[in-house]
Amino acid sequence: MRRTAKALKHVALAGATLALLGACSAEDPVTTSSMAVQGLYSAALSDNGSASLIGSIQHGGSYWENNPSRRVYNWNHAAGEATPLISVDIDPSGDFAATGSARTMVLWSTVTGQSLGFWNTPGDVKTLKLTRNGDFALVGMDDQTARYFDVKNGGIRQTLRTGAIVRSVDVTPDGRYGVTGDDLYQVILWDLTTGEVKHRWQLDNNIATVKLSGDGAYVFAAAQLGDAKVWSTLTGAEVSQIDTGKLQSRNVTISQAVFSNNNRNLLLGQQNRRVNLVNVMTGEVAQSWDMHLKDTMRPTGAAVIALAFGAGNTYYAIGSNGYLNVFQ
């Protein structure tokens, strides 16, 4: 059968449209629960997704159990106030948590709900991560440094100078390595025992997020609307590149990332509510989900601000709109 050039053009356009729809398809969460009416400044999930810590715009900090969703503690830095919490974290053991406001940081017990220490910081807190048992915290600041705090005893163990505002940090559970991402497009792996640079990598824009695998073998980092890569901490070599254009048919900003325990997969969250399960070695997307929106009839959005692998094929994500999402 003969086809005209016009007919062939329509076939090609239809095929391109179907391919685009396939690339953008994503599943919905199996369950959702609201943690804040007016949205969040920050959020963290425990390593297994069983607990959440949020910094709410409306009521400040609170700690939640997720199965089922239940608020357990309200945590703020001064009595009678709703502290705007810029960054929060739950340590790898799940027994400790930290909350950071502009220039204060508090360590909490998730077992008793009590404050275990209060510190002033030398710069405005942008991001923080705890080591196991809440012993140390790596804190990224606007004074072009990341500080490695001895949280329980007080004092700064290391001052890591980057030359730019530090937007994202991570630390291995044992405190051996730390990684920083800054506004000079740098991703820097640090030896936290000596304070020396182990590796330095460059991306093509301000760094949006960085993440270390639990065993310290790999680093992931993503730039705003740009590169996203995985490197080996042993050799410094690039392992894979995530094509952010393929994630949703155009370049997107990856706002959160977490490695699976076996380092085979990455869970990636975007600023436009998409969550992707990606193969670490190939960068290929295995599965995609979209977080819940408050009102689908109005222009609303939700950036992914916390992620966790749960048991089996269960995954958790918290959106900036204040919803916990559970995917399978």
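Worth pointing out:
- Yes/no for S232 being open to solvent by less than 50 Å² (accessible area, probe 1.4 Å) and either within 14 Å of L268 (Cβ to Cβ) or basic (K, R) (or both): no
- Contact annotation: residue pairs with Cβ atoms under 8 Å, 6 or more positions apart or on different chains, pairing a residue in the stretch 169-183 that is touching a residue at least 60 places away in the same chain (Cβ under 8 Å) with a partner that is open to solvent by 10 Å² or more (accessible area, probe 1.4 Å), are P173/P92; P173/R132; P173/G214.
- Residues in the stretch 151-163 that are in contact (Cβ under 8 Å) with a residue 24 or more places away in the chain, assigned to a loop (DSSP other than H, G, I, E, B) and more than 23 Å from Q256 (Cα to Cα): V151, K152, G154.
- Considering the stretch 77-91, and only residues there that are open to solvent by 40 Å² or more (accessible area, probe 1.4 Å) and not hydrophobic (A, V, I, L, M, F, W, C), the residue that is nearest to V106 (Cα to Cα) turns out to be P84.
- Long-range neighbours under 9 Å by Cβ, at least six apart or interchain, first residue under 17 Å from G236 (Cβ atoms) and without any contact (Cβ under 8 Å) to a residue 40 or more places away in the chain within the stretch 190-213, second among the small types (G, A, S) and not in a strand (DSSP E or B): K198/G236; H199/G236; R200/G236; W201/G236; L203/G226
- Of all residues in the stretch 139-196 being of a type in the set (K, R) and open to solvent by 40 Å² or more (accessible area, probe 1.4 Å), the one that is nearest to I207 (Cα to Cα): R167
- All told, D95 falls short of being at pLDDT 95 or above, open to solvent by less than 10 Å² (accessible area, probe 1.4 Å) and in contact with a helix residue (DSSP H, G or I) (Cβ under 8 Å, 6 or more places away or on another chain).
The values are calculated or read from the model by the stated rules, or taken from the named source; none is laboratory data. Quick caveat, the model's predicted, so the values are computed rather than measured. Positions of Cβ are backbone-derived with ideal geometry, glycine not excepted, and every protein chain shown enters the neighbour counts. To get the accessible areas, we keep the full protein, side chains included, count just its heavy atoms, and leave off ligands, DNA and RNA. Shrake-Rupley method; radii C 1.70, N 1.55, O 1.52, S 1.80 Å.
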